[in-house]
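As structure tokens, the structure follows; a few thoughts come after it.
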Amino acid sequence: MSVNKVILVGHVGKDPEVRYLEKNVAVANFTLATTERGYTMQNGTQVPERTEWHNIVAWRGLAELSEKYIRKGSQLYIEGKIQTRSWERDGIKRYTTEIYAESIQLLGRKSEHQDAQGIPSGATAPADFQAPVSSGIPDPITPPAGADDESGLPF
């Protein structure tokens, strides 16, 4: 038996980039920052806070939710699975690790997330936005947008 489950609570680093593929299938990409607090060890050594950046991929209804309600700075609770993929460019194999979202909840103050439709923060995404966990998430065939920069990273 094996388990591939990720739970993250953090803040969005940039507005989601949403694309529509064949048959109007939506896919959203954005970054999420999680920060571990700094601390002082017993011997007086200071350990600074550490921020980790996660690449989030949301498909279909969750991508549409992202497009409508998620903005840079939004606090989110995300459940999903970790997936690493590779591609080759200029004869060099490149890798990226992403979190494929299966559930997204908006957190934070009510004013940050409530819009004219009145979806409050802290509420789970509306039922019609929940992507079924059992549905297959297609792998992108081409390198992600933005993969042309010097670092080779797709973000």
| Which loop GluC sites (Glu not before Pro) in segment 63-95, with loop taken from DSSP, have no more than 14 other Cβ atoms within 10 angstrom of their Cβ? | none
| field | Pairwise label distance in nanometres, Thr97 with Lys81, each label 7 Å out on the Cα-Cβ vector | value | 1.7
| note | Counting sequence-distant residues (5 or more places) and residues on other chains, those with an amide H built under 5 Å from that of Asp15 are Lys72
| said: Please compute the modelled spin-label separation between Arg37 and Glu22, points set 7 Å along Cα→Cβ, answer in nm with one decimal. | reply: 5.0
| query | So who's got an amide H within less than 5 Å of the one on Leu107, skipping anything under 5 residues away but keeping other chains? H placed 1.01 Å off N, in plane. | reply | Gln75, Leu76, Tyr77, Gly122
| Rounded if a/c is under 1.5, else prolate if a/b beats b/c, else oblate: with a ≥ b ≥ c from the C-alpha gyration tensor eigenvalues square-rooted, which is segment 4-76? | prolate
| task | Could you calculate the contour length gain from Asn4 to Lys72, that is, 0.36 nm times the residue separation minus the distance between their Cα atoms, to one decimal place in nm? | result | 21.8 nm
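Bear in mind these aren't lab numbers, they're just calculated from the coordinates by the rules spelled out. Keep in mind it's a predicted model, so treat the numbers as computed, not measured. Positions of Cβ are backbone-derived with ideal geometry, glycine not excepted, and every protein chain shown enters the neighbour counts.
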